[in-house]
Amino acid sequence: MVRQTSLEVYEKIEKEGLLSKNRWRVYDLIYRYGAMTGAQISGLYNEHYGKSSVSEVVRNRITELVKQTVVTELGTCKCPVTGNTVMRYDVTANLPISYVPGPTKDERRASALRELKRLRDKYLDKEEFVLLKELIEKI
């Protein structure tokens, strides 16, 4: 049985487009099928939307939905798909809160390299510069 508050929130999120397309797809599956694990959600996502790299797409969207407070972690259970002990997720009766993703891996790497170069220019003598340059090139 669906709680009235979560039905009202579901309809408002859908009507007003409060979630991005992929977040909505994941949220909708959890809402329609009930509490489940990430692997179960990934399987349903694949059935409905036929995406490759589904596991990563779904995992990232679940994390975002949890941060937006529209999905909650219920605790761990044995996953019927993988057999591993994993988290189970369900929808909440909350409207989404604003979520701004952090920097990507490439953005973090570029930032670290900029900082290393700044430190190199400020503090290193010629010999240390060569060592740092080799390190930067490996990154």
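The values are calculated or read from the model by the stated rules, or taken from the named source; none is laboratory data. Everything numeric here is computed off the predicted structure, so don't read it as measured data. Quick reminder, even Gly has a Cβ in these numbers, built from the backbone with ideal geometry, and neighbours come from all protein chains shown.
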Out of segment 44-95, which residues are over 19 Å from LEU7 (Cβ atoms), out of contact with any Ser or Thr (no Cβ under 6 Å at 6 or more places or on another chain) and among the hydroxyl-bearing types (Ser, Thr, Tyr)? TYR45, TYR49, SER52, SER53, THR63, THR82
Can you tell me which residues in segment 27-71 are of a type in the set (Ser, Thr, Tyr) and touching a strand residue (DSSP E or B) at 6+ places or on another chain (Cβ under 6 Å)? TYR31, THR37
Is it true that some residue in segment 13-36 is part of a loop (DSSP other than H, G, I, E, B) and crowded, with 16+ Cβ neighbours inside 10 Å? yes
Every pair of residues 6+ apart whose Cβ atoms lie under 6 Å, when the first sits in segment 83-108 and is farther than 19 Å from LYS67 by Cα while the second is loosely packed, with under 10 Cβ neighbours inside 10 Å and not aliphatic (A, V, I, L, M): none
From the list VAL130, VAL100, VAL70, pick out the single residue that is assigned by TED's automatic domain parsing to the domain that holds TYR10 and among the β-branched types (Val, Ile, Thr). VAL70
Under the condition of being surrounded by fewer than 22 Cβ atoms within 10 Å (Cβ to Cβ), under 16 Å from the mean Cα position of the chain (by Cα) and part of a helix (DSSP H, G or I), which residue from segment 46-59 is modelled with the highest pLDDT? ARG59
Segment 60-76, residues that are of a type in the set (D, E, K, R) and surrounded by 15 or more Cβ atoms within 10 Å (Cβ to Cβ): ARG61, GLU64, LYS67
Single residue of segment 72-119 satisfying the filter (assigned to a strand (DSSP E or B) and of a type in the set (A, V, I, L, M, F, W, C)) that is nearest to ILE13 (Cα to Cα): VAL91
